[in-house]
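Trainee: The following block contains the structure, expressed as structure tokens.
Nothing in this text is a laboratory measurement; each read-out follows from the coordinates by a stated rule. Keep in mind the model is a prediction, meaning the values are calculated, not measured. Note: ideal-geometry Cβ built from the backbone for every residue, glycine included; neighbour counts use all protein chains shown.
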Amino acid sequence: MTTSSTPSATGGATRWLPPVLLLGAAVALPYSVQRIFLHTAIEKKMGTVQKIFYFHVPLAWIMMALAITCGIAAAVQLRNRSRKAEALSIAAGELVLVTGLGVLLTGPIWGHATWGRAWTWDARQVSTGLLWLVFAAFVLLRRYGAAGSERLAAALAVFGAVDVPIIYYAVKIWKTTHPTTDVVGTLPPQMWAALWPALGALMALTLALLLVRLGQERDAAALDDAWIAFDEGGPEPRAEKGAG
């Protein structure tokens, strides 16, 4: 039996880029923590707890970007039956759970210090919680669903991507107590100088994990295809000893 000489999904850039990104994150993350807690002024109203902002906001941005990525990849998978798009949707969907958990943990801590309650059923809180639950269902379907559940999982991913604009505009639409998206644009230079390293470190870490999971999913799909081809074609006949 012969197989195609398609390059491994872990070859090329996907082989050397994750270690480089992880190394960058290992350098940038301690630097950002040091800058946030030692070189950034304490906010007058909220105090030290406001420093959660430098992790909560980047995690929220990354979560929403991953949700959109997963939704688009799932839509491509539904339309074109693309194995590459399927692998990307799975990898991105899993990381939505990780980053979303970070958002849902840091947000209530910040909210408790600001509003006196960790959870106020704020529109942005509810829509973010819904996004996490949607992608939890997506991941469970992809991992444990029966044959044919891929289409339902892809539809969930598309629905999750549609929820992202709702999260973003929830504060303006429903006039909730959550800070508006305009607050970030009014930050003083000192806060921006602390936010960028944290955002860069978390983005580098997330992208490295995304590439690793993408490579694993593509390699697993290629292995499945190889087993199917082997079962259908059977092993090549061996030459008998002494023949000829």
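Trainee: For segment 195-225 and segment 24-55, what is the separation of their C-alpha centers, rounded to whole Å?
Mentor: The distance from the Cα centre of segment 195-225 to that of segment 24-55 comes to 25 Å.
Trainee: Taking the simple approach of a point 7 Å from Cα along Cα-to-Cβ for both Val49 and Leu133, what is their distance in nm?
Mentor: Reported label-point gap for Val49 and Leu133 is 2.6 nm.
Trainee: How far apart, in nanometres, would the label points at Tyr31 and Leu187 be if each is projected 7 angstrom from Cα along the Cα-to-Cβ direction?
Mentor: Label at Tyr31, label at Leu187, 1.6 nm between them.
Trainee: Give me the one-decimal nm value for the distance between modelled label points at Arg79 and Ala41, 7 Å along each residue's Cα-to-Cβ direction.
Mentor: 5.0
Trainee: Can you list the trypsin sites (Lys or Arg not before Pro) in segment 70-128 that are in a DSSP coil and have 16 or fewer other beta carbons within 10 angstrom?
Mentor: Arg81, Arg117
Trainee: Moving on to the next point. For a quick check: sort Met63, Met191 by the number of other beta carbons within 10 angstrom, fewest at the front.
Mentor: Ranked by crowding around the Cβ, least crowded first: Met191, Met63.
Trainee: Let me ask something else. Express the Stokes-Einstein translational diffusion coefficient of segment 48-219 in µm² s⁻¹, to the nearest whole number, given a Kirkwood radius over alpha-carbon pairs, 20 °C and a viscosity of 1.002 mPa s.
Mentor: 128
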